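The next block holds one structure in the form of structure tokens; read it before the comments.
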Amino acid sequence: QLQNKILILTICAAGIGGTFQYGYNISIINAPASYIQVFMNTTWLERMGVPLESNMVLLLWSFTVSAYPLGGLTGAVVAGPMAIMLGRKMSLLLNNGFVIIAAALSGFSRMAKSFEMIMLSRFFTGVNAGVSMNIQPMYLAESAPKKLRGAVALTSASFTALGLVLGQVVGLRELLGGEESWPFLLASNVVPALIQLTALPWFPESPRYLLIDRGDKESCISALQKLRGTSDLSAELEEMLAEQAAVKGQRAKNPWELFQNPALRWQLVSIVVLSSAMQLCGNDSMYFYAAYVFQEAGIPEDKIPYVVIGTGSCELITSVTCNMIIDYAGRRPLLLGGYIFMAGWAIVFMVALSQQTQISWMPYLSMACIFAYILSFGIGPAGVTGVLPTEVFDQMSRPAAYMICGSLLWFNLFLVGTAFPFIVKSLAHFCYIPFLVVCVCTALYVWFFLPETKGKSFLEISEEFRKRNFKTKTRGGFYKGPEEIKTTTL
């Protein structure tokens, strides 16, 4: 069907230069890590005449790695104003400028004998990912029909997983992961950016943005006709006009205004809890452990990168599966199931790690846990978390909500990246206890406080939260639970 074709092509055009870049740029930095550290040392030696001490090389490398989440945080903060002033589509297009600058910096870094260019390049790459992680789900969910909204917005997670796997593949020694080719590997992120710059201009802007933010009904109808391939849009247009009437006279809100507004209390608590849990649940730390566990299981060292690709593929398979079932299963069951399973696997993983040297088959159990943990994360939390801010906030609050979500996501990524080595050092085999606590508390929060949003219009969801927000005034003790859970998760 033509309407589905245009919608699918819009999803692909937005995804390839959007959240695909987030996954791709997280994984391409792993393969050349040792070569870049050698490059830092030799560059310093040429400049100063003395080599760097090993802990200084490590410090410079950690600066390079942490420049990415720092850029992501910056991108998340600028994404809100960009989405309001430039529109969703134009923001995604201009966002490619950051990647083009980053690719030029990293591509010429060896020629210029400057490791500072790599650090700066990682910062700009982070800015690009921070913007796209916020604007792409917003753009797609606002462009999708109600019955497909979850599946369409969730493609953001599928593109992240696809980027992760392709980054691992391109980073193999046989491709661009060798000692001679690492500048090309770091600059290869310019290709998806150029694809998006060529493809996305042909597709329409978000109809909701055109009508509610711009007040341009003609362009909205034209965009809807392109996306739906039909001229019978009366029901959908009526729903949008009702939403436009509900926010009439309001302007786009700032993040701090969301915290001050009692009518948005539960929506805000929900996205704070879930966005924080997404990074604090320990999924990314599983990748940290993967190589060690695979080595213990007796996999030859030169074959480990190929097995690690399997872990990325797990996330891709589950996010695509989640895509297919989200509008049937609903948001709550997927989130709840994901966190409950992750809590269970965290316990098994810690037991397996503690018995790794005593029992011969334990490394294989640890290996199974890594795959199972990543599968559980992919089936629910990975995708559903990004869909919720679009569904639980109205058009005027949505960009600010994504700014809060994105800032939390990147801050917690930085926090976990910094703290995890120390957690491993102090808790050893039981390093997953903090993650286990986060998974259990988040599952409890979802069970008790998060309403289902499947198949409901944005106004129906707002009404459901409105009842919840103003019921708390008559029942004083009702709010204590989530506040407690919120602090545990953060």
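Here are the numbers for this structure:
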read-out: Condition broken by Ser156, with the remaining ones in (1) surrounded by 24 or more Cβ atoms within 10 Å (Cβ to Cβ); (2) over 30 Å from Thr453 (Cα atoms) satisfied; value: (2)
read-out: Single residue of Ser121, Ser143 found to be farther than 22 Å from Phe414 by Cα, of a type in the set (S, T, N, Q) and crowded, with 24+ Cβ neighbours inside 10 Å; value: Ser143
read-out: Residues that are closer than 18 Å to Phe108 by Cα, open to solvent by less than 90 Å² (accessible area, probe 1.4 Å) and in a loop (DSSP other than H, G, I, E, B), drawn from the range 168-182; value: Leu176, Gly177, Gly178, Ser181
read-out: Test: Pro255 is touching a helix residue (DSSP H, G or I) at 6+ places or on another chain (Cβ under 8 Å), closer than 18 Å to Ser457 by Cα and not basic (Lys, Arg); value: no
read-out: Which listed residue, of Gly130, Gly163, is farther than 18 Å from Pro399 by Cβ, within 16 Å of the chain's Cα centre (by Cα) and open to solvent by less than 10 Å² (accessible area, probe 1.4 Å); value: Gly163
read-out: Among the residues listed as Ile317, Ile309, the single one being modelled with pLDDT of 85 or more, open to solvent by 60 Å² or more (accessible area, probe 1.4 Å) and not assigned by the TED database to the domain that holds Lys147; value: Ile317
read-out: Filter pass, Asp302 being crowded, with 17+ Cβ neighbours inside 10 Å and of a type in the set (D, E, K, R); value: no
read-out: Selected residue (criterion: farthest from Val387 (Cα to Cα)) from residues of the range 89-102 that are open to solvent by less than 10 Å² (accessible area, probe 1.4 Å) and out of contact with any Lys or Arg (no Cβ under 9 Å at 6 or more places or on another chain); value: Val99
read-out: Any chance Met111 is at pLDDT below 95, open to solvent by 60 Å² or more (accessible area, probe 1.4 Å), among the hydrophobic types (A, V, I, L, M, F, W, C) and more than 30 Å from Glu205 (Cα to Cα); value: yes
read-out: Qualifying residue in the range 464-476 (condition: modelled with pLDDT of 80 or more and of a type in the set (Phe, Trp, Tyr)); value: yes
read-out: Residue satisfying all of: in the range 320-338; open to solvent by 40 Å² or more (accessible area, probe 1.4 Å) and out of contact with any Lys or Arg (no Cβ under 9 Å at 6 or more places or on another chain); modelled with the highest pLDDT among these; value: Pro333
read-out: Single residue of Leu194, Leu224, Leu185, Leu233 found to be assigned by the TED database to the domain that holds Leu7 and either more than 28 Å from the chain's Cα centre (by Cα) or crowded, with 21+ Cβ neighbours inside 10 Å (or both); value: Leu185
read-out: Which listed residue is more than 21 Å from the chain's Cα centre (by Cα), open to solvent by 60 Å² or more (accessible area, probe 1.4 Å) and within 24 Å of Ser181 (Cα to Cα), from Leu52, Leu45, Leu60; value: Leu45
read-out: Number of positions in the range 100-144 that are part of a helix (DSSP H, G or I) and over 30 Å from Leu224 (Cα atoms); value: 20
read-out: Qualifying residue in the range 9-32 (condition: over 29 Å from Tyr287 (Cβ atoms) and at pLDDT 85 or above); value: yes
read-out: Criterion (part of a helix (DSSP H, G or I) and touching a residue at least 60 places away in the same chain (Cβ under 8 Å)) met by exactly one of Ala372, Ala382; value: Ala382
read-out: Breaking point among (1) over 27 Å from Ala33 (Cβ atoms); (2) open to solvent by 50 Å² or more (accessible area, probe 1.4 Å); (3) under 19 Å from the mean Cα position of the chain (by Cα), for Gln250; value: (3)
read-out: Selection within the range 378-398 - within 16 Å of the chain's Cα centre (by Cα) and either over 18 Å from Gly344 (Cα atoms) or open to solvent by 10 Å² or more (accessible area, probe 1.4 Å) (or both); value: Ile379, Ala382, Gly383, Val384, Thr385, Gly386, Val387, Leu388, Pro389, Thr390
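The values are calculated or read from the model by the stated rules, or taken from the named source; none is laboratory data. The structure presented is a predicted model; accordingly, all values stated were derived computationally and were not measured. As a convention, Cβ positions derive from the backbone with ideal geometry for all residues, glycine included, and neighbour counts pool all protein chains shown. In case anyone asks, the SASA skips ligands and DNA or RNA and just uses the protein heavy atoms, side chains included. Shrake-Rupley method; radii C 1.70, N 1.55, O 1.52, S 1.80 Å.
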